[in-house]
1. ASN220 passes all but one of (1) surrounded by fewer than 15 Cβ atoms within 10 Å (Cβ to Cβ); (2) in contact (Cβ under 8 Å) with a residue 40 or more places away in the chain; which number fails?
2. Please go through segment 104-134 and pick out each residue that is open to solvent by less than 60 Å² (accessible area, probe 1.4 Å) and more than 21 Å from the chain's Cα centre (by Cα).
3. Quick one: GLU212 ticks every box in (1) within 30 Å of ASP115 (Cα to Cα); (2) in a strand (DSSP E or B); (3) open to solvent by 50 Å² or more (accessible area, probe 1.4 Å) except a single one, so which number is it?
4. Of all residues in segment 129-159, which are part of a loop (DSSP other than H, G, I, E, B) and under 15 Å from LEU92 (Cβ atoms)?
5. Take ALA65 and decide whether it is open to solvent by less than 80 Å² (accessible area, probe 1.4 Å), modelled with pLDDT under 80 and over 20 Å from PRO202 (Cα atoms).
6. With the requirement that a residue be part of a strand (DSSP E or B) and surrounded by fewer than 18 Cβ atoms within 10 Å (Cβ to Cβ), what does segment 161-198 give you?
7. Going through segment 199-209 one residue at a time, which ones are of a type outside the set (Val, Ile, Thr) and either crowded, with 16+ Cβ neighbours inside 10 Å or assigned to a loop (DSSP other than H, G, I, E, B) (or both)?
8. Among PRO35, PRO52, which is more than 21 Å from GLN163 (Cβ to Cβ), part of a loop (DSSP other than H, G, I, E, B), at pLDDT below 90 and open to solvent by less than 20 Å² (accessible area, probe 1.4 Å)?
Amino acid sequence: MSRKNKIMAAIAAGALVLLVGSGVARCSLASADGPAPEDAPQQQQSQEQRSPDFSEPEGQGGASAPEQAQGSAFEALVGTSWIAEDDPTSTLSIVSGAFVEKSGEDTIVTYWTIDSEDAGSAVLLASKSMTEAASPVTATIEEAGGTTVIRCDALSHAYKQVQAGARSLYFSGVTSKLAESLGCELTDIESAVSLRAAAVSPACERAVWDAEVWIDFAGNIATTTFTLDDGASTLISVTRAPDGTIEVL
């Protein structure tokens with residue numbers, strides 16, 4: 001089951017869905033003489049911000065300011081990087097709704113939602129796949145010798161937080177159709193996606209354009225998505241607003 005939860009702008013009646021990846025254009029424009037078009041897809045809401053209570057240790061960063069404001073401390077750990085206490089070659093990335101553990105060529109993804117919480121700990125409902133029944137596990141965040149440590153029965157190791165180094169994001173699947181369809185410069189699009197990726201999945205090195213653009217002609221809005229190759233297929237939505245500004249989620 002795909003984790004992609006498409007985040008798109010509302011498509012008004014008369015919207016044109018451009019499947020630029022396949023070169024196919026499907027027109028759903030209303031016609032006075034023709035049959036009524038199919039219902040336009042409804043806008044899907046972005047992933048919900050969950051609200052744990054315990055606080056991120058002072059001086060430890062990694063999550064973007066908007067996420068820290070909208071969620072509580074556990075959710076604010078989205079976008080942080082960690083290494084195993086007993087194995088520096090094993091790493092952990094916390095992305096929205098998932099732990100991504102890497103050791104050599106092996107990647108283990110654990111999906112989670114928050115069930116309940118106390119100061120310094122939370123009970124998570126965790127599973128190794130989106131189709132597997134989730135089981136409750138306890139995750140704790142603690143200070144040990146000035147280092148923030150996360151422990152969880154669903155993880156292979158206890159991990160200590162580190163500051164991720166600067167990474168260049170590589171883009172895959174991008175063609176000239178992206179800038180043409182979205183109506184803005186390619187460099188501006190990639191810059192916005194890179195900043196968002198650094199905030200939500202700093203260990204990720206590749207973003208794949210999904211080759212679909214949703215255009216609301218009435219509102220003069222265009223939206224597309226990128227999928228991060230981070231093990232959890234984190235989705236980034238890019239919207240070109242009527243004034244030409246680019247918004248990412």
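1. For ASN220, the exception is condition (2).
2. Answer for segment 104-134, where residues must be open to solvent by less than 60 Å² (accessible area, probe 1.4 Å) and more than 21 Å from the chain's Cα centre (by Cα): SER116, GLU117, GLY120, SER121, ALA122, VAL123.
3. It fails just one condition, (1).
4. Initially, segment 129-159 is screened for residues part of a loop (DSSP other than H, G, I, E, B), giving 129-134, 145-146, 153-158.
ASP153, ALA154, LEU155, SER156, HIS157, ALA158, listed by residue number.
5. On the way: open to solvent by less than 80 Å² (accessible area, probe 1.4 Å): yes; modelled with pLDDT under 80: yes; over 20 Å from PRO202 (Cα atoms): no.
No: the conditions fail for ALA65.
6. VAL162, TYR170, PHE171, SER172
7. So the first thing to find is which residues in segment 199-209 are of a type outside the set (Val, Ile, Thr), and the list is 199, 201-207, 209.
ALA199, SER201, PRO202, ALA203, CYS204, GLU205, ALA207, TRP209, listed by residue number.
8. Only one candidate qualifies: PRO52.
The values are calculated or read from the model by the stated rules, or taken from the named source; none is laboratory data. Computed from a predicted structure; not experimentally measured. Here the Cβ is made from the backbone with ideal geometry for all residues, glycine too, and neighbour counts use every protein chain on show. Protein only, heavy atoms only, side chains kept; ligands, DNA and RNA dropped before computing areas. Shrake-Rupley method; radii C 1.70, N 1.55, O 1.52, S 1.80 Å.
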